[in-house]
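Below: one structure, written as structure tokens.
The values are calculated or read from the model by the stated rules, or taken from the named source; none is laboratory data. The structure presented is a predicted model; accordingly, all values stated were derived computationally and were not measured. Cβ coordinates were reconstructed from backbone atoms using ideal geometry, including for glycine residues, and neighbour counts include every protein chain displayed. Remember, those area values only see protein heavy atoms, side chains included, never the ligands or the DNA or RNA. Shrake-Rupley method; radii C 1.70, N 1.55, O 1.52, S 1.80 Å.
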Amino acid sequence: MRRRGVLSATACLLAVIAAFFALRGSAVQHPQPAQKADSILILKKDHVLEVLAGGKVIRTYKVALGRGGLAPKQREGDGRTPEGHYVIDARNADSQYHRALHVSYPNEDDRRRAAKQGVSPGGAIMIHGLPNGFGNLGAAHRLYDWTLGCVALTDEEIDEIWDMVPIGTPVEIRP
């Protein structure tokens, strides 16, 4: 009898852990079919990326950001995610990450600020999936901010966004 109780407790604990990761992996409801987006809003403090169409949020995703903290990007190599107004200006299906949408960082304000500081503003800011070969991490990747300044989603989430977001889509990144 006692042995059965231990097994039940272990099975219950495993179920709770599985439910935790399943819930962390779920994004806000995703209506079908996918609409074309007309803007993206990233809220860094909340670790949220919202896809909008007609001024309404049509998808919401939890994201991982740059490992340099929540302050705005100041220079190349600081590991921070920038803040400001940008656009999606390129798509890379053959990235070292599972698909990548290039964000037009640095903008004119970013270049001006970096020049005043005598540093390079950096570049190569992307909205991307997980590193190739690590897609099985799924939502667990969001437990830590791990990128070099990019915005990271699961592979399935970047696949959804990929189909909704054309080149030229405005991106606003807020604190």
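Listing for the model above:
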| item | result |
| --- | --- |
| Odd one out for A71 among (1) buried (at least 22 other Cβ atoms within 10 Å of the Cβ); (2) within 21 Å of K45 (Cβ to Cβ); (3) without any contact (Cβ under 8 Å) to a residue 40 or more places away in the chain | (1) |
| Pairs where the first residue, in segment 100-113, is touching a residue at least 12 places away in the same chain (Cβ under 8 Å) and the second is open to solvent by 30 Å² or more (accessible area, probe 1.4 Å), C-beta under 6 Å, 6+ apart | A100/N92; A100/M126; L101/R91; H102/D89; H102/A90; H102/M126; S104/V87; S104/D89 |
| Test: residue in segment 13-31 that is more than 23 Å from T154 (Cα to Cα) and either open to solvent by 90 Å² or more (accessible area, probe 1.4 Å) or at pLDDT below 95 (or both) | yes |
| Matching residues, segment 163-175, being open to solvent by 50 Å² or more (accessible area, probe 1.4 Å) and touching an Asp or Glu at 6+ places or on another chain (Cβ under 8 Å) | I167, P170, R174, P175 |
| Some residue of segment 90-107 being at pLDDT 95 or above, touching a Pro at 6+ places or on another chain (Cβ under 9 Å) and among the small types (G, A, S) | no |
| Residue within segment 146-162 that is open to solvent by 60 Å² or more (accessible area, probe 1.4 Å), more than 18 Å from A37 (Cβ to Cβ), modelled with pLDDT of 95 or more and not acidic (D, E) present | yes |
| Close pairs from segment 115-142: first under 21 Å from G77 (Cα atoms), partner open to solvent by 60 Å² or more (accessible area, probe 1.4 Å) and among the small types (G, A, S), Cβ under 8 Å, at least 6 apart | G122/G77 |
| Close pairs (6 angstrom Cβ cut-off, 6 or more residues apart or separate chains): within 18 Å of T154 (Cβ to Cβ) in segment 49-61, hydroxyl-bearing (S, T, Y) and open to solvent by less than 20 Å² (accessible area, probe 1.4 Å) anywhere | L49/Y61 |
